Amino acid sequence: MDDKSNKLLLVPVLTVLFVMIGYQYVCPAGSTSCRFGNGESFPFSKYPADAKRKSPDPDEDAPFRFPSKFNFTREDLERHVDFDIKGNDVIVFLHIQKTGGTTFGRHLVRNIHLERPCDCRSGQKKCTCHRPGKAESWLFSRFSTGWSCGLHADWTELMNCVPAVMNKKQKKDAPLNRRNFYYISLLRDPVSRYLSEWKHVQRGATWKTALHMCDGRPPTPDELPACYSSEDWTGVSLEEFMACPSNLANNRQTRMLADLSLVGCYNLSSMSEERRAELLLSSAKLNLLRMAFFGLTEFQRKTQFLFERTFGLHFITAFTQINGTRAAGVTVGTATRRRIEELNALDMQLYEYARELFSRRVQYCHHQERQKERERKRQQRRRMKEQKASQMDDKRKDLEQENMELTGVTEDYSSQVVRW
């Protein structure tokens, strides 16, 4: 009875041992060829487990694709300007209030590595930014040409003013050059920008000398009523600032980037409020898209990166992200913030569009650089293979030559032996 029970126990034990030995043979330790669960694969599968790992990188040869809310095309993302600083190219900086434009403007005149750096003298607000070998400016901005088209001139003003101003600055006896104007600007989060402008106005800033030229004339007092009757608006509360319906701080970025001629300039009675808002926003988006470059205040290093890749100009020192602004120190409640967003509804939509476009352009630039690096490494590997093949071929030829010489010596020796 004991012998029978022992035999019965022996059979399953041997079976288990046989299965374990077979499994170790088919799937050795450390192997990834036998997996179960989510990455299930088998040793005799038509598609081995490491096939995916050994497949080429799909980004190497495939076109650059990523999901985009605004369906930007490759042409929208491709931004590279063959900026000819020695020729007739001009960078035009559209400086929107409280977007960090003063800092960026100083970068343009003091921090770019140039063959002929801008001449910035102590005590002078403007720098002389001449082309190499020419007494002609390559930069149209506050710190190079001054407010030549008016204080904080907008897109509408600059488009109608810049060419004429540049021609006036040219020597009278020189032929008029056909210039290429590359417009650039900076944008900022609308709520932060609005609060920053309020604090600036509260300290006494007015921008009263701004021209606001459109279709050849400034707005009438009825078209653009003043928000205050005194010399300035010093000490204005945020509630008072928000209560003025003609406050140009409202949707400032959209208005300054749009073609105001499309909406009758500052004449609000020319069309409905809804139609005016629609045209302003679509025009601002289109102009922003067509600009050679724009940056975002909240992303200083990426702004520097994108500018350098766009124009092929390089800054001497890196941009610094400063988050401790006056606007950052202002705490507003949920209701107040919602009210600011309502007053800047167009700017909120424009900034969403701008941030998406900016982000995609930065990604695209990085992708292009990775593609170039991959191609450089491919070419390097190809050259190394060709060099190695050439060396092997030279060795083979040398070996054949040695064999031929050895064969000749052997034949001579054999002939001598026959004679002996």
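The values are calculated or read from the model by the stated rules, or taken from the named source; none is laboratory data. Predicted, not measured: the structure shown is a model, and the values here were computed from it. As a convention, Cβ positions derive from the backbone with ideal geometry for all residues, glycine included, and neighbour counts pool all protein chains shown. The protein model used for the area step is the full one, side chains on, heavy atoms only, and it has no ligands, DNA or RNA in it. Shrake-Rupley method; radii C 1.70, N 1.55, O 1.52, S 1.80 Å.
Summary of values
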| read-out | value |
| --- | --- |
| Checklist (1) closer than 23 Å to residue 154 by Cα; (2) open to solvent by 70 Å² or more (accessible area, probe 1.4 Å); (3) touching a helix residue (DSSP H, G or I) at 6+ places or on another chain (Cβ under 8 Å) applied to residue 342, failing item | (3) |
| Tally of residues being closer than 30 Å to residue 219 by Cα, surrounded by fewer than 20 Cβ atoms within 10 Å (Cβ to Cβ) and among the small types (Gly, Ala, Ser) across region 129-165 | 4 |
| Residue identified as closer than 24 Å to residue 351 by Cα and not in a helix (DSSP H, G or I) among 225, 245, 219 | 245 |
| Answer from 370, 301, 376 - the residue that is surrounded by fewer than 17 Cβ atoms within 10 Å (Cβ to Cβ), of a type in the set (Lys, Arg) and either in contact with a helix residue (DSSP H, G or I) (Cβ under 6 Å, 6 or more places away or on another chain) or within 27 Å of residue 103 (Cα to Cα) (or both) | 301 |
| Output for region 237-267, where each listed residue is over 14 Å from residue 340 (Cα atoms), surrounded by fewer than 16 Cβ atoms within 10 Å (Cβ to Cβ) and without any contact (Cβ under 8 Å) to a residue 60 or more places away in the chain | 246, 262 |
| Residues of region 335-362 classified as more than 21 Å from residue 197 (Cα to Cα) and among the aliphatic types (A, V, I, L, M), total | 2 |
| Any hit, region 197-216, residues being at pLDDT 95 or above, among the acidic types (Asp, Glu), closer than 30 Å to residue 330 by Cβ and assigned to a loop (DSSP other than H, G, I, E, B) | no |
| Any pair with Cβ under 6 angstrom, 6 or more apart, that starts in region 81-109 at a residue that is on the phi > 0 side of the Ramachandran plot and ends at one that is open to solvent by less than 10 Å² (accessible area, probe 1.4 Å) | 98/193; 98/197; 100/186 |
| Selection count, region 198-224, where residues are within 24 Å of residue 336 (Cβ to Cβ) and without any contact (Cβ under 8 Å) to a residue 40 or more places away in the chain | 5 |
| Filter result (within 26 Å of the chain's Cα centre (by Cα), polar (S, T, N, Q) and over 30 Å from residue 181 (Cβ atoms)) within region 302-342 | 323, 325 |
| Options 168, 126: the member that is open to solvent by 30 Å² or more (accessible area, probe 1.4 Å), in a loop (DSSP other than H, G, I, E, B) and either in contact (Cβ under 8 Å) with a residue 40 or more places away in the chain or not small (Gly, Ala, Ser) (or both) | 126 |
| In region 98-123, the residues that are at pLDDT below 95 and open to solvent by less than 100 Å² (accessible area, probe 1.4 Å) | 123 |
| Residue in region 275-296 that is in contact (Cβ under 8 Å) with a residue 24 or more places away in the chain and in contact with a Gly (Cβ under 7 Å, 6 or more places away or on another chain) present | no |
| Residue count for region 282-298, restricted to those that are open to solvent by less than 30 Å² (accessible area, probe 1.4 Å) and over 22 Å from residue 78 (Cβ atoms) | 2 |
| Verdict on residue 184 being under 23 Å from the mean Cα position of the chain (by Cα), crowded, with 19+ Cβ neighbours inside 10 Å and more than 23 Å from residue 350 (Cβ to Cβ) | no |
| Residue match in region 320-333 (condition: in a loop (DSSP other than H, G, I, E, B), touching a Ser or Thr at 6+ places or on another chain (Cβ under 6 Å), more than 14 Å from residue 111 (Cβ to Cβ) and among the small types (Gly, Ala, Ser)) | yes |
| Residue in region 345-357 that is farthest from residue 286 (Cα to Cα), counting only those that are in contact (Cβ under 8 Å) with a residue 12 or more places away in the chain and open to solvent by 10 Å² or more (accessible area, probe 1.4 Å) | 345 |
